[in-house]
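This report refers to the structure that appears directly beneath it.
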Amino acid sequence: MSIFSAFDYQMMSRAIALAKQGIYTTTPNPNVGCVLVRDGQIVGEGYHIQAGGPHAEVHALRMAGEQAKGATAYVTLEPCSHYGRTPPCAEGLIQAGVRKVICAMQDPNPQVAGRGMAMLQDAGIEVLSGLLEDDANALNPAFIKRMKTGLPWVQLKMAASLDGQTALANGVSQWITSPEARCDVQKFRAGAGAILSTSRTVIADNASLTVRDSELPESVRHVYPLAEIRQPMRIILDQHHQLYSGLKLYDAGGTVMTVGQEDADICIATESTGKLDLRHLFRTLADEHQINHLWVEAGATLSQTLLSQQLVDEIILYLAPKLMGSDGRGLFGSFGFEVMKDVFQLEISDIVRVGPDIRITAIPQYHSFV
């Protein structure tokens with residue numbers, strides 16, 4: 001028998017819905033929502049809007065005022081217990097006189113997990129956890145992965161014709177997919193902390209790799225009255241210093257960081273093959289730049305390498321209703337598989353029609369960070 005009532009589920013669902021409103025603005029912090037209830041009525045609610053700003057609990061407490069005393073707090077993530085850019089939320093709930101706190105999930109950071117709930121319990125507050133935990137986990141897959149593994153959550157974006165070609169034999173690739181699909185990409189870029197590509201791809205496409213506000217869906221552009229959608233950092237693998245001024249990449253503004261062995265913004269060692277150590281790069285992005293979510297837009301070589309090194313968490317593949325023939329350029333080169341049991345297995349988690357195209361979301365089955 002569940003310890004939670006139907007009303008508890010309703011209130012936590014509301015908190016989760018609130019948390020979703022911060023998905024484009026909170027990084028590197030997690031998305032969190034909070035609802036305060038007293039005598040069966042919502043007296044305060046809020047969500048974390050932007051890193052460095054008040055947390056969800058603070059917004060809810062400010063709205064509730066004196067009515068927070070004796071209330072029950074529904075929070076999608078365990079209240080923080082430490083001083084960072086803002087005071088600990090657990091202390092704020094204690095000072096407000098909250099009677100009970102229901103958390104959807106524990107903090108995924110192993111260094112602080114459970115401390116917020118322990119602080120509340122030590123103050124005499126009843127604490128329960130686990131209500132709609134799976135839904136709460138789904139709010140922050142990237143933050144959770146970085147906390148548990150020290151690596152960012154990586155989405156690999158690809159686009160191809162129905163027969164799996166990414167460009168014609170002469171290299172022409174603009175445009176395989178529709179304007180609707182290209183607009184759809186903008187919301188994925190907006191949700192990422194950084195976009196990874198290569199100098200070869202940037203030069204070939206003269207890509208800016210920015211979030212183009214005018215192309216975002218209407219539902220996204222008007223969700224944030226209090227904060228602008230930020231531009232993700234752009235990380236470019238440029239081992240041989242091929243980038244040059246005049247590219248759209250530099251005209252667009254925002255942060256561009258090059259990656260190489262030397263004379264680069266991020267210097268990374270090479271493997272025995274002479275190629276950059278991508279796992280080292282990803283740890284650096286997570287540790288030094290707090291990148292939770294890395295969005296990759298690159299060609300066949302980098303895409304194949306990332307999959308081979310088991311660094312991709314999710315593939316976003318756009319398929320256009322076009323046929324280009326076998327002389328085109330494929331999604332990948334040769335993986336060298338000789339028996340079927342060795343090929344990459346994928347779990348298809350979503351298929352959506354985007355204009356005339358299809359967007360497939362697939363999860364490689366080679367690893368898990370849980």
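I need the full set of residues from segment 1-17 which are touching a residue at least 40 places away in the same chain (Cβ under 8 Å) and not polar (S, T, N, Q), in order please.
Here is the first cut: in segment 1-17, the residues touching a residue at least 40 places away in the same chain (Cβ under 8 Å) are 3-4, 8-9, 11-16.
Ile3, Phe4, Asp8, Tyr9, Met11, Met12, Arg14, Ala15, Ile16 - these are the residues of segment 1-17 that are touching a residue at least 40 places away in the same chain (Cβ under 8 Å) and not polar (S, T, N, Q).
What pairs come up if the first residue lies in segment 311-334 and is at positive phi, the second is surrounded by fewer than 13 Cβ atoms within 10 Å (Cβ to Cβ), and their beta carbons are under 6 Å apart, counting only those six or more places apart or on different chains?
Listed pairs, sorted by first residue: none to list.
Going by what's in this entry, would Gln155 be described as in the same structural domain as Gly260 (by the TED database), out of contact with any strand residue (DSSP E or B) (no Cβ under 7 Å at 6 or more places or on another chain) and within 29 Å of Glu218 (Cβ to Cβ)?
Working: in the same structural domain as Gly260 (by the TED database): yes; out of contact with any strand residue (DSSP E or B) (no Cβ under 7 Å at 6 or more places or on another chain): no; within 29 Å of Glu218 (Cβ to Cβ): yes.
For Gln155, the condition - in the same structural domain as Gly260 (by the TED database), out of contact with any strand residue (DSSP E or B) (no Cβ under 7 Å at 6 or more places or on another chain) and within 29 Å of Glu218 (Cβ to Cβ) - is not met.
Identify all residues within segment 318-340 that are under 30 Å from Arg283 (Cα atoms) and surrounded by fewer than 19 Cβ atoms within 10 Å (Cβ to Cβ); write none if there are none.
First, pick out the residues of segment 318-340 that are under 30 Å from Arg283 (Cα atoms): 318, 330-337.
Across segment 318-340, the qualifying residues are Gly330, Leu331, Phe332, Gly333, Ser334, Phe335, Gly336, Phe337.
Would you point out which residue out of Ser308, Ser349, Ser303 is touching a residue at least 60 places away in the same chain (Cβ under 8 Å), at negative phi and not β-branched (Val, Ile, Thr)? Before the answer, list the steps.
Working: Ser308 fails: touching a residue at least 60 places away in the same chain (Cβ under 8 Å); Ser349 fails: touching a residue at least 60 places away in the same chain (Cβ under 8 Å).
The match here is Ser303.
Is there a residue being surrounded by fewer than 17 Cβ atoms within 10 Å (Cβ to Cβ) and touching a helix residue (DSSP H, G or I) at 6+ places or on another chain (Cβ under 9 Å) anywhere in segment 156-165?
The answer is no, given that none of the residues of segment 156-165 is surrounded by fewer than 17 Cβ atoms within 10 Å (Cβ to Cβ) and touching a helix residue (DSSP H, G or I) at 6+ places or on another chain (Cβ under 9 Å).
Quick check on Cys103: is it surrounded by 21 or more Cβ atoms within 10 Å (Cβ to Cβ) and hydrophobic (A, V, I, L, M, F, W, C)? Step through it out loud before you land on a result.
Numbers: surrounded by 21 or more Cβ atoms within 10 Å (Cβ to Cβ): yes; hydrophobic (A, V, I, L, M, F, W, C): yes.
The answer is yes for Cys103.
Out of segment 93-148, which residues are part of a loop (DSSP other than H, G, I, E, B), over 27 Å from the mean Cα position of the chain (by Cα) and free of Cβ contacts under 8 Å to residues at least 24 places away in the same chain? Full working, then the answer.
Of all residues in segment 93-148, those part of a loop (DSSP other than H, G, I, E, B) come to 97-99, 104-114, 123-125, 130-132, 140.
Those still in the list that are over 27 Å from the mean Cα position of the chain (by Cα) too: 97-99, 123-125.
Residue satisfying the conditions is Gly124 alone.
For the condition of a type in the set (Asp, Glu), farther than 20 Å from Gln111 by Cβ and either assigned by the TED database to the domain that holds Leu216 or surrounded by 17 or more Cβ atoms within 10 Å (Cβ to Cβ) (or both), what is the one hit in Glu78, Glu45, Glu66?
Going through Glu78, Glu45, Glu66 in turn, the sole match is Glu45.
Name the helices (runs of 4 or more DSSP H) wholly inside segment 221-326 in which the number of residues that are out of contact with any strand residue (DSSP E or B) (no Cβ under 8 Å at 6 or more places or on another chain) and not aromatic (Phe, Trp, Tyr) is 3 or more.
Working: elements: 248-251, 278-289, 300-308.
Filter on segment 221-326 gives 278-289, 300-308.
When only residues in segment 175-202 that are more than 22 Å from Leu237 (Cα to Cα) and over 22 Å from the mean Cα position of the chain (by Cα) count, which is surrounded by the most Cβ atoms within 10 Å (Cβ to Cβ)?
Step one: list which residues in segment 175-202 are more than 22 Å from Leu237 (Cα to Cα), which gives 175-184, 187.
So of that shortlist, the ones also over 22 Å from the mean Cα position of the chain (by Cα) come out as 175-179.
Working: Trp175: 11, Ile176: 22, Thr177: 24, Ser178: 16, Pro179: 11.
So the residue we want is Thr177.
The values are calculated or read from the model by the stated rules, or taken from the named source; none is laboratory data. Predicted model, so just to flag it, every value in this text is computed and none were measured. Methodologically, a virtual Cβ is constructed for each residue, glycine included, from the backbone with ideal geometry; neighbour enumeration extends over all protein chains shown.
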